[in-house]
Every structure is written in C-alpha cells, then in structure tokens.
Amino acid sequence: MKKILFILFFIVLFSGNSQAKKGDMKVIFSSENFVRIQVKTGIFFGLSDDQTKTFYVNALELAHKNCQNFNKQLFLFQSSNNGKKVIDSKNKLGKAILNFYCANNLNEALNIYKNSRLPTSEEWNGPVWFFDTISYEVRNIQDYINEQKRIAEEKRLEEQRRIAEQKRIEEQKRLAEQRRIAEQKRIAEEKRLAEKKKIEPKNVISTKKTSEGLSESTKSFIEIFFLLIIAPIIAITALRFIYWPFFRDWIYKPFKEDPAKFLTRAGLLLFGLAILGASLGGGGDYGCEARFFQEGSRC
C-alpha cells in the first residue's frame, strides 16, 4: 500500500523530470537528521518514465528505513523555478544525489534543512512543497504552516473558553456553598430561638414557684408575729401619745393595780386587732396552688 502511495506521489513530483539514466543507487551519507542517496544513471541512454519513478521510489523507501531506525519520519522538499518543480537533489554527470531529512515534524525538518546546507540543484529556490511519511501527501509549506497556526489558535481559544467555563462553574459552586452554609446557619438560629421560647416560660414558672414557695414558708410566721407582737406594741404606743386618758385608765392603771384585769383587756385588744387584720388582709392566699402562679393567673 505504501509503495502505491509512493508511486502516486512521484507521478506528481517527478513529472517532466526524467533525466536519470539507467544504473544503481547507494547511500553515500546517513545520520539521524538526514540521508543522501546517490542514483547512478547512464549517459547516452535514457530511462522511461516508469523506470525513473521506480528508481526514485526505491531511494525513498531506503531513506525511510534509515529514518525509522531513529524513530523519525521522512521529509523530502521540492522547490519551484519558473513554474517548474525542482527536487532537493544535486545532479551530476551520470548520477543524481537526493537529499532526504529525518524529523518528527515539519518545523524540525526545516531547521535541519537550514542548518545542514546540503548541496542541491542550481535551480533550487528554497523549499515550497514537502512530502512526508506521516500523511503521504504533497503539501504547500506555507499553507501547512498557516493551517497549523489556525489550528493552534483555535486550540488556544478553546482552552481559554474551557478555563473560563471551569472558573464560572467553580464560582457557581462556591456561591452555592456559601448559600447552603448561610441557609444552615439561618435554620440553626431559628431552631435555637424556637427552643429558647419554649424554655423561657418554664424558667419563669419555676422562678415564680421558687419565690412563692419561699414566701409561703415564712408568711404565716410573719403575720402571726406582726399581729401578736408588733401590731399591739404599735397600737399601745399610739394610744400612749395620741389619747393618754384612755391609755391611762384602760391599760396603764390595770397593769399596775390589777394584773388579771390587764391581761383580760390585753387579750380582748389583741383579739380585736387580729380580727381587724384578718378582715383587712382578705384572709390571706393560703389556698393558692402552684398552678395559679402562671403568668396572668390569679388565686
């Protein structure tokens, strides 16, 4: 299949160039960068077009094998002179030396061509077309370079779009994560406030119960002490300064002259004060239970 492609290539490449004479060929120099193959031809007897193409195809295959030894591809350049295709070769009397280049891509092959400065045809005007064993096609060098630049630019723009899209997606993820965290905090805060509202009334009730419980334990003692001790003393002291005759005749004289009478009158006075205190105090609130100490309730 490759030989068929080679033949098709040389049908275009070497049309109008049948100067090679009958003879053999040999490699006169080979390296990892280029190969020079000499095709020996006759002087007086020409070759047919098919014979000429066969010689050149065989030389191309031989150079290709040399490039493969270095894991490289074969490149062959062609120039143009007044509309005539010129091969990169040095033609001498009875022989032609073809220049082949081994490289991984066109730019590398062109650099080897510029640095090697191999002898070539006097009609050579620099490389215009090239043939390689990568695509097995004859292509214009400048068109190929422009196409590669276009492809590289498209890749660059595509990479920029990909990076921009990736940044956009990452930004969306970041914002979504921020919203998720903010929503979680909001829900947690709402739960905290709801729990606080549930706990606060219980605390108020507990506080009231504790406060009322402490006052209940001492209320009876305070009232009894006030009614039996403090109130009579205040009443007697008031009578002493406000209405002395009554105090003198009704309390002071019996206290000195008839203690029994004094105790009877003092008891009646205390009993009257107790009844007065009970009526004024409304009977106390001893019947209130703990459930009545909730906010807004009354005994």
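The values are calculated or read from the model by the stated rules, or taken from the named source; none is laboratory data. Keep in mind that what you see is a predicted model, and the values were worked out from it rather than measured. Counting neighbours? That spans all protein chains shown, and the Cβs are built from the backbone with ideal geometry, glycine included.
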Filtering region 82-136 down to residues that are without any contact (Cβ under 8 Å) to a residue 40 or more places away in the chain and either acidic (Asp, Glu) or not assigned by TED's automatic domain parsing to the domain that holds Asn66 (or both) yields Asp88, Glu108, Glu122
Among the residues listed as Arg139, Arg174, Arg179, Arg161, the single one being assigned by TED's automatic domain parsing to the domain that holds Ser79 and without any contact (Cβ under 8 Å) to a residue 40 or more places away in the chain:
Arg139
Residues within region 86-113 that are aromatic (Phe, Trp, Tyr) and either in contact with a Leu (Cβ under 7 Å, 6 or more places away or on another chain) or part of a helix (DSSP H, G or I) (or both), tallied:
2
